[in-house]
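Student: The structure follows.
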């Protein structure tokens, strides 16, 4: 508790969701969400399909815009900007600047199929961060080494296994050195035997550093290992949150209890995900 | 009925105009490719003042006959706008403009085939719109359209006889001139038909082979 107070006074949240509502037509995915995330914090979002957890990440990555409410990143509005004392919708330039602090790894990897692994990793370094090609290659190779794919630099994504693809996707996001990284069900599309290699890479990143991480996952053991805080969402609201010990050992709400009991029986509900209206390829 | 000696004697005259015929088709095709992409992009634009006029123009061109458009270029333009085009140039422009509206639909289907995840990854990596189009979306959307594009080139080649109506000296026009001089139409028109067949059929086989090869690559996930 004392630690919490100290963090609160010394650190402003790096991400702040304020009264965020997101609807797709009639369907409300998030209802008046308030959420603060501290710099360096590792937060795991768990919850059943359609609970809104993926939407929380997609709003932050600017893949969806909020219906109402605001999001602040590092003390700055993400979806809004001030103009002549009024708050207006952010333009592309503003989004571009704030977005540079955020990176994301997707469930379906979304690697660029027409580029080699090396170019997948260097493309944004060269063309977004304007880093010279030689330096970009150097950084990319370093990162690929870290995720154990140094030998595959000249291959195309189609030549890799799912686990390897996802590790490339992690390298591609990591090389941009974002302050905040989003991991959206990154193991849900993988064969069971490939899940471990990807989770190991993420654990290594989490243990290294001060990067803020938001992990949407159905892997409860992984969430317990990596996260400082677990957030359980259901029906578009945060039902319960706390340390892994608090939530997993002593769930208070009936909804979390029944959710966890389904997982303990070894039947993770990963058949579908919660992008109800967002869809995926 | 069929005079071999006569057929042989007129063949060189017909072969002579093959370059003009091919050139009008190929130049028209290049023009259609160049115009088709901006039309496809404009129609996708979120700015309605761009998207709607281009859509209206494109639908208008596509729903009216090529022959009328050629007549407008040759007869109306000199009168109304004081622009006089040679028959060949008018033919290339008419053919190119007409088919650009078809090719824009081919581009559109190619662009639509790029998975949404590619756009999302581009946003997550903070590419701007131009980069996303140039380096991520178009390189993935154009290769799959190549066989369809090839088919349109063949279709346009077979459309070139329409240009005879605006006095472009291509195959049909030449055959007509030969026929009316000797009143022997059978040989001239038959030879024109055979020339079209000889040029079109191997081309369509080539396109089909290309298509098969791309399907194979696609299965391997490279395309």
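Student: Could you calculate the FRET efficiency of residue B:59 with residue A:36 from 1/(1 + (r/R0)^6), where r is the beta carbon distance between them and R0 is 51 Å, rounded to 0.05?
Tutor: 0.45
Student: What order do you get for A:164-177, B:74-87 when each peptide is scored by the mean count of other beta carbon atoms within 10 Å, highest first?
Tutor: A:164-177, B:74-87
Student: Once both labels are modelled 7 Å past Cα along the beta-carbon direction, what's the residue B:183-residue A:134 spacing in nm?
Tutor: Here the modelled spin labels are 8.3 nm apart.
Student: To the nearest 500 deg cm²/dmol, what mean residue ellipticity at 222 nm is calculated for chain A from DSSP H runs of n ≥ 4 alone, each contributing -39,500 (n - 2.57), summed and divided by the residues?
Tutor: After summing the helix terms and dividing by the residues of chain A, the value is -11000 deg cm²/dmol.
Student: Something else: Take region B:81-137, drop everything but the C-alpha atoms, weight them equally and run the Debye formula without solvent; then report log10 I(q)/I(0) at 0.15 Å⁻¹ to two decimals.
Tutor: Here log10 of I(q) over I(0) equals -0.62.
Student: Moving to a separate point now. Round to the nearest 0.05 the FRET efficiency obtained for residue A:70 and residue B:105 when R0 = 56 Å and r is the Cβ-Cβ distance.
Tutor: That gives a FRET efficiency of 0.85.
Student: How do B:88, B:71, A:106, B:157 line up, fewest other C-beta atoms within 10 Å first?
Tutor: B:71, B:88, B:157, A:106
Student: What's the percent breakdown of Cα-Cα distances in region B:4-220 across 10 Å bins, shortest bin first?
Tutor: Result returned by the calculation: 8, 26, 29, 21, 11, 4, 1, 0.
Student: In nm, to one decimal, how far is the modelled label at residue B:44 from the one at residue A:93, with both set 7 Å along Cα→Cβ?
Tutor: 2.5 nm
Student: Among B:173, A:220, B:214, which comes first, then next, by fewest other beta-carbon atoms within 10 Å?
Tutor: B:214, A:220, B:173
Student: Let me ask something additional. At a Förster distance of 51 Å, what's the computed FRET efficiency of residue A:200 paired with residue B:208, Cβ-Cβ distance as r, to 0.05?
Tutor: 0.60
Student: Nearest 5 is fine: what % of DSSP beta bridges in the protein assembly as shown come out antiparallel, could you say?
Tutor: Of those bridges, close to 60 percent are antiparallel.
Student: Within 10 Å of each residue's Cβ, count the other Cβ atoms and sort B:2, B:52, A:79, B:119 from fewest upward.
Tutor: The order, fewest Cβ neighbours first, is B:2, B:52, B:119, A:79.
Student: Calculate how steeply helix B:185-220 sits against the longest principal axis of the alpha-carbon atoms of chain B, using the helix alpha-carbon long axis, and give the answer as 0 to 90 degrees to the nearest 10.
Tutor: 20 degrees
Student: Using a 10 Å cut-off on Cβ to Cβ distances, tally the other chain neighbours for every residue of A:197-207 and report the average as a whole number.
Tutor: Other-chain Cβ atoms within 10 Å of each residue's Cβ, averaged: 0.
Student: Per residue of A:104-116, what is the mean number of Cβ atoms on other protein chains within 10 angstrom of that residue's Cβ?
Tutor: Per-residue shielding by partner chains comes out at 5.
Student: Provide a whole-number value for the mean count of partner chain Cβ atoms within 10 Å of the Cβ atoms in peptide B:124-135.
Tutor: Average per residue, whole number: 6.
Student: For residue B:198 and residue B:26 in the same chain, what is the full-extension length gain: residue separation times 0.36 nm, less their Cα-Cα distance, in nm?
Tutor: 60.2 nm
Student: Then there's this: Given the options B:63, B:180, B:204, which has the most mean-square fluctuation in a GNM of chain B, springs set between C-alpha atoms less than 10 angstrom apart?
Tutor: Maximum fluctuation in the GNM of chain B, among the listed residues, is at B:180.
Values in this text are rule-based calculations from the coordinates and carry no lab data. Please read all numbers here as calculations on a predicted model, not as lab measurements. Neighbour counts run over all protein chains shown; Cβ positions are idealised from the backbone, glycine included.
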